[in-house]
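Asks: Structure below; questions to follow.
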Amino acid sequence: MKYVLLAALILLFSGCAKREDVTPTASSSMSKAEAIGLARLWAAFGNPERNYCEVLPTGSMLPVFGSNAILLLERVDSADLLVGDIAIYAREGSPSVVHRVRAISSTAVLFSGDNNDPTKPDGWIAKERIQWRVAGIIYAKR
């Protein structure tokens, strides 16, 4: 048994195992294609300020969601953000980041991932870089 545990730890820390294999998220019987179809309907038949996105397998928001999730998005004015919201902010030259709001000042928002080191937040992000707030999550099967 101790050898199985040791092998799992080696795989986890060597990058051979996805973090989602170790810390799974919720799932459903819906395929990823069905989940995307449902998200498209939500975005198309609602307010034009709605959208959706797939999640990259970074593991930063585990166990709330992982790469089997489709996020339902709504445009948000930074004045309407609350501590605890999950929002998306733009990052130059890289994909946007989906993390949780930890603190809010008059000009910036402090973000971090739920599964990231709490002593290393993303930093203060200027309010004008915030693009979306997560309005809902559709889980597909893993």
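The values are calculated or read from the model by the stated rules, or taken from the named source; none is laboratory data. From a predicted model like this one, the values you see are computed outputs, not experimental measurements. No Cβ is skipped: glycine too gets one built from the backbone with ideal geometry, and neighbour counts run over all protein chains shown.
Asks: Might you check whether a residue that is under 17 Å from A140 (Cα atoms), out of contact with any helix residue (DSSP H, G or I) (no Cβ under 6 Å at 6 or more places or on another chain) and touching a residue at least 12 places away in the same chain (Cβ under 8 Å) occurs anywhere in region 84-102?
Replies: no
Asks: Continuing with this model, one more query. Would you say L110 is closer than 28 Å to I36 by Cβ and either of a type in the set (A, V, I, L, M) or without any contact (Cβ under 8 Å) to a residue 12 or more places away in the chain (or both)?
Replies: no
Asks: Need a quick list: strands (runs of 3 or more DSSP E) entirely within region 88-142 having at least 3 residues that are at negative phi and crowded, with 18+ Cβ neighbours inside 10 Å.
Replies: Answer list for region 88-142: 97-104, 108-112, 130-139.
Asks: Sticking with this one: Among all residue pairs at least 6 apart or on different chains, which show Cβ distances below 9 Å where the first residue, located in region 44-61, is more than 15 Å from H99 (Cα to Cα) and the second is modelled with pLDDT under 95 and exposed (fewer than 14 other Cβ atoms within 10 Å of the Cβ)?
Replies: Once the first residue is more than 15 Å from H99 (Cα to Cα) and sits in region 44-61, its partners that are modelled with pLDDT under 95 and exposed (fewer than 14 other Cβ atoms within 10 Å of the Cβ) give R50/A44.
Asks: Still on this structure, I have one more. Select, from L72, L41, the only residue that is among the hydrophobic types (A, V, I, L, M, F, W, C), part of a strand (DSSP E or B) and within 23 Å of S28 (Cα to Cα).
Replies: Exactly one residue qualifies, and that residue is L72.
Asks: Six or more apart or on different chains, Cβ under 7 Å: which pairs go from a residue in region 23-34 that's closer than 8 Å to N68 by Cβ and free of Cβ contacts under 8 Å to residues at least 40 places away in the same chain to one that's basic (K, R) and surrounded by 14 or more Cβ atoms within 10 Å (Cβ to Cβ)? Could you list them?
Replies: none
Asks: Being in a loop (DSSP other than H, G, I, E, B) and of a type in the set (A, V, I, L, M, F, W, C) is the filter here; which residues of region 44-59 pass it?
Replies: F45, V55, L56
Asks: A90 versus (1) within 10 Å of the chain's Cα centre (by Cα); (2) of a type in the set (A, V, I, L, M, F, W, C); (3) closer than 19 Å to P121 by Cβ: which is the lone unmet condition?
Replies: (1)
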